[in-house]
Amino acid sequence: RLALAAPQSGTVVAAPGAQIFPGYQRSDEVNKARSSQAAYVDLEGEKGRLLVGAAGRFENYSDFGSTLNGKLSARFQLPLGVALRGSVSTGFRAPSLHQRYFQNTSTQFVNGLPSNTLTVNNDNAIARTVIGVDALKPETSTNFTVGLTARAGKAFTLTVDAYQINISDRIVYSGSFTRAQLGFTAADYLGVNLVRFFANAVNTKTQGIDIVAAERL
């Protein structure tokens, strides 16, 4: 036996809805591939209490060109089991194939009314000409860390590391653009209500401190 209680005063009831995928259209079909070659070198040297390291990575992408990234690190041993350490490095991430080339239409029901959302890739005329979005470019980053390690006796260890990660040109999925915002006429892109795309639109900075204390029993 099932009893249903009526919503009480002030209760907000979510509107029913659904999202469907009508399938890929022929206009969404692409045949894209990527190749890359990379070389990596890592060197390390120690003199007295100082340990230094240097690393580099060269990579060439068939659709983005070449990139060179590196890392410098150092560690200095102090008395009483304490050591200082730090590093600085750069990073690189090419857009994934789906971020650059994926395109499809999905249908969402909002308040019972169907609304077609078109995700366009960056080679599409809507993104390139109507909106004015440039072709996707790689994300780049710089990373900084500084910290210390300490040991007390034979059982207790402590590490404290502060870090900062700066990422430029992060790739994000845009908000929805309406037909009116894009200036579509009644004959343009029939059946499409909203348009979205991927773009290099965000720069981020992440800072933090990691503290790890451990004692071996």
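Once the trypsin sites (Lys or Arg not before Pro) in DSSP loops with at most 15 neighbouring Cβ atoms within 10 Å are cut out of the chain, the longest remaining piece is 50-153. A Stokes-Einstein calculation at 10 °C with viscosity 1.306 mPa s, built on the Kirkwood radius of the stretch 34-121 over Cα pairs, returns a diffusion coefficient of 90 µm²/s. Start at zero, step by 5 Å, and the Cα-Cα distances of the stretch 71-155 spread as 3, 11, 12, 10, 9, 8, 8, 7, 6, 7, 6, 6, 5, 2, 0 percent across the bins. For the stretch 102-192, the solvent-accessible area of protein heavy atoms averages 54 Å² per residue (probe radius 1.4 Å; ligands and nucleic acids excluded).
For the chain, the pair-distance distribution built from all alpha carbon pairs, in bins 10 Å wide starting at 0, is 7, 20, 21, 17, 16, 13, 7, 1, 0 percent.
For the chain, what does -39500 (n - 2.57) per DSSP helix run (n ≥ 4), summed and divided by total residues, give at 222 nm, in deg cm²/dmol to the nearest 500? Kindly include the intermediate steps, with their values, before the conclusion.
Numbers: 2 runs with 9 residues, N = 217.
Computed mean residue ellipticity for the chain: -500 deg cm²/dmol.
Summing charges over all other residues whose Cβ lies under 14 Å from the Cβ of A201, with Lys and Arg as +1 and Asp and Glu as -1, gives 0. Considering only S36, S141, S174, the mean-square fluctuation computed in a Gaussian network model of the chain, springs between alpha carbons under 10 angstrom, is largest for S36.
The values are calculated or read from the model by the stated rules, or taken from the named source; none is laboratory data. It should be emphasised that the depicted structure is a prediction, and the values quoted were computed from it without experimental measurement. All Cβ positions, glycine included, derive from the backbone under ideal geometry; neighbour counts span all protein chains shown. Each accessible area value is taken on the protein alone, full model and side chains, heavy atoms only, with ligands, DNA and RNA left out. Shrake-Rupley method; radii C 1.70, N 1.55, O 1.52, S 1.80 Å.
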